[in-house]
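Pasting in a structure now, in structure tokens, and then I'll have a few things to ask.
The values are calculated or read from the model by the stated rules, or taken from the named source; none is laboratory data. None of these values were measured; they are calculated from a predicted model. Please note: Cβ atoms are built from the backbone with ideal geometry, for glycine as well, and neighbour counts cover all protein chains shown. Only protein heavy atoms, including side chains, enter the accessible area calculation; ligands, DNA and RNA are left aside. Shrake-Rupley method; radii C 1.70, N 1.55, O 1.52, S 1.80 Å.
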Amino acid sequence: MRTRNILMSFAFIMLTLFLILIVASRTSEAGGISLSAPAGSGGPDNALGDISIPGVVQTPVPTQHPEVEKPDVDVTSWEFILANSEHNIGTYAPAQTVSIEGTAQYFDSRAIDALLSFLQGARDAGFSPYIMTSYINYSSQEYIFNGRASQIAWGGTYTYEQAVEIARTVTFYPGTSDHQTGLAVDITDKWYNSLSSANVDEDLLEWLREHCAEYGFILRYPSLKESVTGWDEPWHFRYVGTTAAEYIMERGLCLEEFLELYE
Ligand SMILES: [Zn+2]
């Protein structure tokens, strides 16, 4: 009998303690203590609901807009050099250029391995990529541009100054071409006398667009961004490194828009 009474009393005390604990947990919102949640485990998944833990500020984590997140890259590094009509890079030249597979086309030596992997990837997919144009140095660009302006002025319809303005719309002014960075390539399926969206093998261009980011390249002049870049070149790819390339290609940005995120 005595043992039974002790057990009954013990059970009663335990039940009372349990009830006190429940009440305490329900009324602990105003600075109470957490009874079972370890520090930092607050939030909607907490089994006891909204319990404040002293010293832990339970501010809801805001849902970040995907466009606000950006890769942790140093945009002042060489991979991100920007050449366009608003950012004339003057006589900039890559520190060292190397021949692409022994051809007369050259590329920045720091990114040559990425380019060779990109080309090999296209070959493994059954294509025969051909490099139409890669690095163009400042003086060559100047020569190309002046030749074009002279050609336009030659008929006598325009003054040379007018011809220069027209030439700016059909070819790159010296210092504004992505090709001068040494990180750009025009990839086609064969040699063309002149490039146009209509004549280059669409299957190859599609493969290049879909896979370029895996090798650190982006489509530098996407059709949809012509209003920003001024150009539409579905064959023109530019090295920026895989981290930035994946971000840019996933979102369909152009290099100008990407760099703006860091301003
Ligand atoms: Zn190009």
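Quick one: Karplus J couplings for segment 235-244, per residue in order, coefficients 6.51, -1.76, 1.60, θ = phi - 60°, nearest Hz, x for Gly and Pro?
9, 9, 10, 10, 7, 9, x, 5, 4, 5
Right, something else. Taking the Cα atoms of segment 90-147, report the difference between the largest and smallest coordinate on each principal axis, in whole Å and largest first.
Each principal axis gives a Cα extent; for segment 90-147 these are 40, 25, 17 Å.
Turning to a different aspect of this structure: Using only C-alpha atoms and all pairs of different ones, pull out the Kirkwood radius for segment 169-242 in Å with one decimal.
Numbers: mean 1/r = 0.0774 Å⁻¹.
Computed over segment 169-242, the radius equals 12.9 Å.
Looking at the P(r) of segment 208-250, how many percent of alpha-carbon pairs lie beyond 11 Å?
Details: 525 of 903 pairs.
Summing the P(r) of segment 208-250 above 11 Å gives 58 percent of all pairs.
Among residues other than GLU226 whose Cβ falls under 11 Å from its Cβ, what is the net charge (Lys/Arg +1, Asp/Glu -1)? Display every interim value, and only then the final one.
Working: positive: LYS225; negative: ASP232, GLU233.
Charge balance near GLU226 sits at -1.
Averaged per residue, what accessible surface does segment 188-263 expose to a 1.4 Å probe, in Å²? Show your work: numbers first, answer last.
Working: 3560 Å² over 76 residues.
That works out to 47 Å² for each residue.
Could you derive backbone 3J(HN,Hα) for segment 182-188 from the dihedral phi with the Karplus parameters 6.51, -1.76 and 1.60 (θ = phi - 60°), listing whole Hz in sequence and x where the residue is Gly or Pro?
So the J values, rounded to whole Hz, are x, 10, 10, 9, 9, 10, 10.
Another question about this same structure. So for segment 163-207, considering every pair of alpha-carbon atoms, how many percent are separated by more than 11 Å? Don't skip to the answer; put the middle values down first.
Values: 737 of 990 pairs.
Value for segment 163-207 (Cα pairs over 11 Å): 74 percent.
Taking the Cα-to-Cβ direction at GLU256 and at GLN151 and moving 7 Å from each Cα, how far apart do the two end points lie in nm?
Calculated label separation equals 2.5 nm.
For segment 131-176, which chymotrypsin sites (Phe, Trp or Tyr not before Pro) are in a loop by DSSP, counting at most 16 other Cβ atoms within 10 Å? Walk me through the numbers before you get to the answer.
On the way: sites: TYR135, TYR138, TYR143, PHE145, TRP154, TYR158, TYR160, PHE172; in loops: TYR135, TYR158, PHE172.
Answer by residue number: TYR158.
If I model a spin label as a point 7 Å beyond the Cα along the Cα-Cβ vector, how far apart are those points for TYR92 and THR76 in nm?
Distance between the two pseudo-spin positions: 1.4 nm.
For segment 95-191, which trypsin sites (Lys or Arg not before Pro) are in a loop by DSSP, counting at most 15 other Cβ atoms within 10 Å?
Those satisfying the criteria are LYS190.
So if the hydrodynamic radius of segment 100-241 is defined as the Kirkwood radius over C-alpha pairs, what does Stokes-Einstein give as its diffusion coefficient at 4 °C and 1.567 mPa s, in µm² per second?
Working: Rh = 16.1 Å.
The estimated diffusion coefficient comes to 81 µm²/s.
I'd like the distance between the alpha-carbon centres of segment 67-112 and segment 119-146, rounded to an integer number of Å.
First find each Cα centre; the distance between them is then 14 Å.
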